[in-house]
1. Which pairs do you get when a residue that is within 13 Å of ARG120 (Cα to Cα) and modelled with pLDDT of 75 or more, found in the range 142-158, comes within reach of a residue that is assigned to a helix (DSSP H, G or I) and acidic (Asp, Glu), reach meaning Cβ atoms under 9 angstrom, with the pair 6+ apart or on two chains?
2. Taking the residues in the range 60-104 that are of a type in the set (Ser, Thr, Tyr) and within 19 Å of VAL222 (Cα to Cα) as candidates, determine which candidate is farthest from the chain's Cα centre (by Cα).
3. Could you check, for the range 61-69, whether at least one of its residues is farther than 15 Å from ALA250 by Cα and either touching a Pro at 6+ places or on another chain (Cβ under 6 Å) or surrounded by fewer than 18 Cβ atoms within 10 Å (Cβ to Cβ) (or both)?
4. Within the range 25-37, which residues are among the small types (Gly, Ala, Ser) and closer than 26 Å to THR49 by Cβ?
5. Out of the range 70-98, which residues are surrounded by fewer than 20 Cβ atoms within 10 Å (Cβ to Cβ) and over 24 Å from GLU282 (Cα atoms)?
6. Condition first: of a type in the set (Gly, Ala, Ser), modelled with pLDDT under 90 and assigned to a helix (DSSP H, G or I). Now tell me which residues in the range 261-289 satisfy that.
7. Please note which helices (runs of 4 or more DSSP H) are completely contained in the range 142-240 and include at least 2 residues that are within 24 Å of PRO262 (Cα to Cα) and among the aliphatic types (A, V, I, L, M).
8. Would you kindly identify the helices (runs of 4 or more DSSP H) lying entirely within the range 24-109 that contain at least 1 residues that are within 23 Å of ALA164 (Cα to Cα), of a type in the set (A, V, I, L, M) and out of contact with any His (no Cβ under 7 Å at 6 or more places or on another chain)?
Amino acid sequence: MSGLFGGGRIDAALYDELESILLAADTGVDATTWLLDELRRTVKRDGLTDAVQLKGALQETLVSLLAPLERPLDTGTNKPFIIMLTGVNGAGKTTSIGKIAKYFQSQGKSVLLAAGDTFRAAAREQLMAWGERNNVAVIAQDGSSQQKADPAAVIFDAINAAKARGIDIVLADTAGRLATQLHLMEEIKKVKRVIAKAEPGAPHEVLLVLDANTGQNAVSQVQAFDAALGVTGLVLTKLDGTAKGGVIAAIARQRKEGPPLPIRFLGMGEGVDDLQPFDAREFVEALFD
């Protein structure tokens with residue numbers, strides 16, 4: 001994006017080019033329109049005339065739009081603090097659980113993983129292997145069983161184990177599903193109800209894991225999962241490049257009433273330490289690098 005602001009005056013052609021860049025970065029029509037309107041107001045109010053000044057104004061406008069999404073997760077309110085993770089197939093849920101566990105471990109917290117994705121055998125194995133490597137307990141169904149275990153039962157057992165062991169944080173994996181698969185969405189609602197039975201007031205956080213490369217589809221996923229489960233925070237994965245980073249602006253504009261859903265973590269790469277709490281200014285600066 002930085003190439004756009006090399007020099008020259010602010011004119012209609014510059015706004016047109018900026019609009020194209022924002023749309024190509026998955027910012028979406030609503031957020032793009034809002035950003036351009038805000039920019040025009042700032043240009044008029046402050047008497048800006050050249051493209052370099054416009055760049056600074058755009059950066060500040062983006063930071064003000066994204067700052068409300070910057071709310072780190074406070075896990076000190078409950079013990080165990082129970083986090084339920086959800087999302088569509090392939091969003092990076094199971095990988096994210098490992099990275100989030102590592103993040104909390106680095107803060108000196110004890111973590112237990114619940115292998116609630118009983119639909120995909122590889123998910124259970126992935127979590128078990130990760131737990132072994134990083135010395136984290138994993139509660140899972142018996143691998144020798146031919147029958148699929150009830151995901152709610154696995155997570156129920158995990159919560160009871162966490163309470164007995166004095167664990168700080170439970171991360172509960174769930175099977176990936178599409179928001180249009182109504183019967184599967186009902187199943188995941190049941191998982192949430194069972195968590196509340198195991199620990200009143202839980203889950204304390206419902207994290208929706210989104211693949212940043214799905215663009216505007218990510219916004220509709222937020223709407224669908226929020227309606228079904230009452231999502232409390234987001235994890236954005238596969239944001240290795242910021243070319244599609246505009247989707248965060250689209251998410252910021254998605255909720256018309258009440259505060260936007262916070263982005264608890266941003267996955268910027270493949271490494272286990274590549275999941276970081278969201279920092280609005282840092283993210284905007286990376287967009288313009």
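The values are calculated or read from the model by the stated rules, or taken from the named source; none is laboratory data. This is a predicted model, so every value here is computed, not measured. Neighbour counts run over all protein chains shown; Cβ positions are idealised from the backbone, glycine included.
1. Qualifying pairs under 9 Å: PRO151/GLU187.
2. Step one: list which residues in the range 60-104 are of a type in the set (Ser, Thr, Tyr), which gives 61, 64, 75, 77, 86, 94-96, 103.
Imposing the further condition that a residue be within 19 Å of VAL222 (Cα to Cα) reduces the set to 86, 94, 96.
Working: THR86: 10, THR94: 13, SER96: 10 Å.
The residue in question is THR94.
3. Restricting attention to the range 61-69, the residues satisfying the condition of being farther than 15 Å from ALA250 by Cα are none.
There is no residue in the range 61-69 that is farther than 15 Å from ALA250 by Cα and either touching a Pro at 6+ places or on another chain (Cβ under 6 Å) or surrounded by fewer than 18 Cβ atoms within 10 Å (Cβ to Cβ) (or both).
4. First pass over the range 25-37, keeping only residues among the small types (Gly, Ala, Ser): 25, 28, 31.
Once the filter is applied, which keeps residues that are among the small types (Gly, Ala, Ser) and closer than 26 Å to THR49 by Cβ, the range 25-37 yields ALA25, ALA31.
5. Scanning the range 70-98 gives GLY76, THR77, ASN78, LYS79, ASN89, GLY90.
6. Looking only at the range 261-289, we keep the residues that are of a type in the set (Gly, Ala, Ser), and these are 267, 269, 271, 280, 286.
Cutting the leftovers down to modelled with pLDDT under 90 gives us 267, 269, 271, 286.
Passing the criteria: only ALA286.
7. Numbers: elements: 151-165, 182-198, 216-229.
In the range 142-240, 182-198, 216-229 are the helices (runs of 4 or more DSSP H) which contain 2 or more residues that are within 24 Å of PRO262 (Cα to Cα) and among the aliphatic types (A, V, I, L, M).
8. Values: elements: 29-46, 51-66, 93-106.
Helices (runs of 4 or more DSSP H) meeting the threshold: 93-106.
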